[in-house]
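Notes to accompany the following structure.
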Amino acid sequence: MDQRMKVALVGIGKIALDQHVPAIAASADWRLAATCSRNGSVEHVQAFTDFAALLDARPDIKVVSLCLPPVPRFDYAAMALEAGRHVMLEKPPGATLAEVHALQAMAEAKGLTLFATWHSRMAHAVAPAKAWLAGRAVSRAHITWREDVRKWHPGQDWVFEPGGMGVFDPGINALSILTEILPKPVHLTGAELEFPANRDTPIAARLSFSGNVTADFDWRQEGPQTWDIEVETDGGRLALRMGGNVLEIDGKATAGENTIMGEYPALYARMAELVRQGRSDVDLAPMVHVADALTLGRRIAVDAFEF
Ligand code: NAP
């Protein structure tokens with residue numbers, strides 16, 4: 001008998017098709033039982049365009065994975081929890097911190113699992129980096145996260161609309177790694193945010209944190225892309241490159257990769273474990289830094305941006 005748990009995917013767009021569908025297909029824990037999307041679908045899988053209809057028609061599907069952009073996601077998450085379903089959230093877990101707190105309270109009241117995923121934390125070298133940093137004193141850390149928005153988000157205007165987070169959409173991945181690996185938490189002390197004249201979210205950000213930690217996020221990087229975190233400690237230098245997939249200690253690449261799973265297969269394995277154990281996993285630390293940057297940041301107007 002098929003022991004796999006049934007999951008419904010909502011918001012069949014770029015990340016659902018690039019990562020969620022293949023990760024579920026390759027998983028021994030999960031079976032994609034239905035989708036809900038206004039336009040998208042997955043071949044051979046029952047497709048709904050209305051989420052209430054899916055919840056109504058398929059009480060056998062106990063888990064819902066939401067791949068929508070952050071702004072529309074809350075209403076779907078609340079409906080799913082209200083209908084007694086466990087919920088997995090793409091990153092960032094919501095458009096605001098308060099709405100994720102509301103979801104946490106709903107999940108807890110109903111005894112349901114809520115998993116706010118951070119896919120970058122599952123990158124190969126993140127766990128070894130965390131282990132290496134444990135017990136060391138960090139004297140300085142710097143994040144360089146520079147990529148080309150036209151390449152990674154072609155035509156996705158929502159990233160520049162209120163709640164879309166702009167360059168923090170990728171930048172929060174770096175912050176999800178930083179908050180995972182640093183032995184002691186830091187807090188934001190200042191930010192400069194560059195807003196294109198015609199957009200509502202920043203295209204670049206420079207952040208300062210307590211503990212001599214800084215970050216440089218830029219979405220206008222053409223050519224080679226950079227996703228690096230460099231950390232200096234009392235016991236040597238660590239660098240995480242390629243978005244957390246390559247670990248260097250004192251300038252030398254190490255065989256630190258301790259997992260064979262990709263980021264999304266690892267997220268679905270974790271969700272299976274959480275559901276079986278009846279637990280939730282919601283860490284909002286990366287999103288707190290983004291909210292603080294938007295609260296404390298100095299706004300700088302830059303050239304208008306078009307895709
Ligand atoms: P996307 O392709 O623009 O959106 C996903 C789907 O959500 C769309 O195809 C659309 O499907 C549905 N949708 C969009 N706006 C909606 C609305 N207002 N109401 C209801 N449905 C709506 O976005 P994405 O790149 O997949 O990103 C989704 C989430 O995944 C984001 O939080 C992002 O940060 C995260 N993520 C993205 C990437 C990436 O490489 N793109 C990587 C990691 C994580 P229908 O039109 O069919 O309804």
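The values are calculated or read from the model by the stated rules, or taken from the named source; none is laboratory data. A quick note: this is a predicted structure, and the numbers were derived from the prediction, not measured. Positions of Cβ are generated from backbone atoms using ideal geometry, with glycine treated the same way; all protein chains shown enter the neighbour counts. Remember, those area values only see protein heavy atoms, side chains included, never the ligands or the DNA or RNA. Shrake-Rupley method; radii C 1.70, N 1.55, O 1.52, S 1.80 Å.
Here are the numbers for this structure:
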| quantity | calculated |
| --- | --- |
| Residue in the range 101-115 that is open to solvent by 50 Å² or more (accessible area, probe 1.4 Å) and under 30 Å from G244 (Cα atoms) present | yes |
| Residue, nearest to the ligand (Cβ to nearest atom), within the range 144-178, restricted to residues that are assigned to a strand (DSSP E or B) and surrounded by fewer than 24 Cβ atoms within 10 Å (Cβ to Cβ) | D148 |
